[in-house]
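The values are calculated or read from the model by the stated rules, or taken from the named source; none is laboratory data. What you see is a predicted model, and the numbers here were worked out from it, not measured in a lab. Quick reminder, even Gly has a Cβ in these numbers, built from the backbone with ideal geometry, and neighbours come from all protein chains shown.
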Amino acid sequence: MPSLLELLRPDRRLALHLPVHGRGAALPPLMQRLLRQSPGSWDLPELPEIGGPLESHGAVATSQARLAEAMGFDHCWFGVNGATGLLQAGLLAMAQPGEAVLLPRNAHRSLIAACELGGVMPVFLPVPFFADRGHAGAMTAEGLRQSLDPWPDPGRPIAGAVLVHPTYHGYSAEIVELIELLHSRGLPVMVDEAHGTHLAFNAEQDSPVSALVAGADLVVHSLHKSAPGLAQTAVLWHRSQRLDHERVQRSLARIQTTSPSSLLLASCETTLDWLLSSRWTSLFEARRHQANQLIHALREQGVLFHPSDDPLRLILATGQIGVSGLDADEFCMRQGVIAELPEPLCLTFCFGFARHRGLAKRLQRIWQALAREGDGVPLPVIPDPPLQSTSIPELTPDEAQRLPHCIRPLAECADQIAAELICPYPPGVPLLVPGERISAERSQWLQSQHQRWPVQVPGMVKVLA
Ligand SMILES: Cc1ncc(COP(=O)(O)O)c(C=O)c1O
């Protein structure tokens, strides 16, 4: 087995995965220059002139204040523990122990971990499901209206709501209407826009709207999933009308490292400045145009894919030619192409912001070879999970995980309470959350998921003893 160091050497495989800087090719020019500096010279502590995300003085504080103002927000904080760390801090700023939050069913697992940390009850709101793709779509305003009527009663105050926009696959939610609806019910709203940083820095009229302009109170951007920053970089934007600044700051202090990497903080700063520059606008337009041309070329050649609202994501419909996305992923690896997200019915690629010459031909050849491998008979669709209404777990995730438990086969867990998370990663969307009572229908659905991807969905589950 090669060492990690050996694996980090440049190689010729095509990077169609996150982070989207394409192994450095699309890093902002100033970041590329920094990384050419004498190795390690940039690895500094929170010296007084540098400061950190939670300090009121120093270069980081000045950059954060300047960028928040430029984006029309009251505050922003750079994050060096991914969107994960900032989402958790945001949720814990909204909800106190003993309260509840509204979470969409396609919420990232980091939010469940935040509920666990904070003794917060998640109230799950349904999202549409695509049976032919086997994954969730984005929430609609009509869907949310129905979920909130009648108003859910978790037996404790509901302190706020989280939305996901766009999803991992690039499906965008009706974000303006969703935020308005939740605000009209008196709730602060945090939007997980990990996959949509580029929406906030894009002047095109026909693109989905960013939660930054849709009035969200907190927005989390991953600067490596949807902008060309280094892995782990992220930013949290905050409007203080509905949520006190002190609460967010305190919550960040609980979660964040006391030694933030100056390299990652510099990546946050240079990436956001780069996104605000006119050179970025033309680069982004060029990538969008190339992606649209590629999609057109693939369609002409009979390649099957599912539509996404993000032109830089391609969801190959491998299930339609009888090949699972997991097998297709292994095949692509052998061909020197690294995809992002394999699932039972499809394989998603992230084009990112580096230029990939000859990509259409390469993907066409892969598709044709896959079509020869498959028997051409479409794989069975994945029926909707039995999660189509608002649901409240019986225990909070932390309560469920602290109680005595036993391990049972999925087939024998009907009517039991889950004591662990079942969550394929990627995409990191939980299929089962600790504290939920597993209905017979749910147990059957989970068993069918286990058959589709046994490595990601285990056949045994921890339930309360
Ligand atoms: C929707 C969504 N939110 C948050 C995250 C967490 O992001 P990070 O890996 O940057 O911590 C992910 C990661 O996959 C995600 O897909």
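When we screen GLU180, GLU246 for residues that are in contact (Cβ under 8 Å) with a residue 24 or more places away in the chain and either surrounded by fewer than 24 Cβ atoms within 10 Å (Cβ to Cβ) or of a type in the set (Lys, Arg) (or both), the only hit is GLU180. Set side by side, the residues LEU18, LEU34 differ, and just one is within 30 Å of VAL337 (Cα to Cα), surrounded by fewer than 22 Cβ atoms within 10 Å (Cβ to Cβ), more than 27 Å from the chain's Cα centre (by Cα) and in contact (Cβ under 8 Å) with a residue 12 or more places away in the chain, which is LEU34.
Residues that are under 12 Å from ARG133 (Cβ atoms), surrounded by 20 or more Cβ atoms within 10 Å (Cβ to Cβ) and touching a helix residue (DSSP H, G or I) at 6+ places or on another chain (Cβ under 8 Å) within the stretch 303-318 comprise PHE305, LEU316, THR318, listed in sequence order. Residues considered: ALA231, ALA227. Of these, the only one that is closer than 14 Å to PHE201 by Cβ, within 16 Å of the ligand (Cβ to nearest atom) and assigned by TED's automatic domain parsing to the domain that holds LEU86 is ALA227. Pairing residues of the stretch 189-213 that are within 15 Å of the ligand (Cβ to nearest atom) with residues that are aromatic (Phe, Trp, Tyr), at Cβ distances under 7 Å and at least 6 apart in sequence or on separate chains, gives HIS195/TYR168; HIS198/PHE284. In the stretch 241-285, of all residues being charged (D, E, K, R) and assigned to a helix (DSSP H, G or I), the one that is farthest from PHE73 (Cα to Cα) corresponds to GLU285.
For the stretch 270-288, what are the residues that are among the charged types (D, E, K, R) and surrounded by 13 or more Cβ atoms within 10 Å (Cβ to Cβ)? Scanning the stretch 270-288 gives ASP273, GLU285, ARG287, ARG288.
Give, as residue ranges, the helices (runs of 4 or more DSSP H) completely inside the stretch 4-93 that count at least 1 residues that are more than 16 Å from the ligand (Cβ to nearest atom), farther than 20 Å from LEU236 by Cβ and among the polar types (S, T, N, Q). It comes to 29-36. Within the stretch 324-331, the presence of at least one residue that is assigned to a loop (DSSP other than H, G, I, E, B) and modelled with pLDDT of 95 or more is confirmed. Within the stretch 45-58, being in contact (Cβ under 8 Å) with a residue 40 or more places away in the chain and surrounded by fewer than 16 Cβ atoms within 10 Å (Cβ to Cβ) holds for one residue alone: PRO45.
Scanning the stretch 94-107 for residues that are in a loop (DSSP other than H, G, I, E, B) and within 13 Å of the ligand (Cβ to nearest atom), we see that the one that is surrounded by the fewest Cβ atoms within 10 Å (Cβ to Cβ) is ARG105. Among the conditions (1) within 22 Å of MET139 (Cα to Cα); (2) within 16 Å of the ligand (Cβ to nearest atom); (3) surrounded by fewer than 20 Cβ atoms within 10 Å (Cβ to Cβ), the only one that PRO430 does not satisfy is (3).
Given the residues PRO122, PRO152, which is the only one that is in contact (Cβ under 8 Å) with a residue 60 or more places away in the chain and crowded, with 24+ Cβ neighbours inside 10 Å? One residue alone meets the criteria, PRO122. Can you pull out the residues in the stretch 153-172 that are on the phi > 0 side of the Ramachandran plot and within 16 Å of the ligand (Cβ to nearest atom)? Correct list: GLY170 only. The criterion of being under 30 Å from GLU269 (Cβ atoms), within 16 Å of the ligand (Cβ to nearest atom), in a loop (DSSP other than H, G, I, E, B) and not assigned by TED's automatic domain parsing to the domain that holds ASP310 does not hold for ALA114. Residues in the stretch 406-438 that are small (Gly, Ala, Ser) and under 27 Å from the mean Cα position of the chain (by Cα): ALA418, ALA419, GLY428, GLY435.
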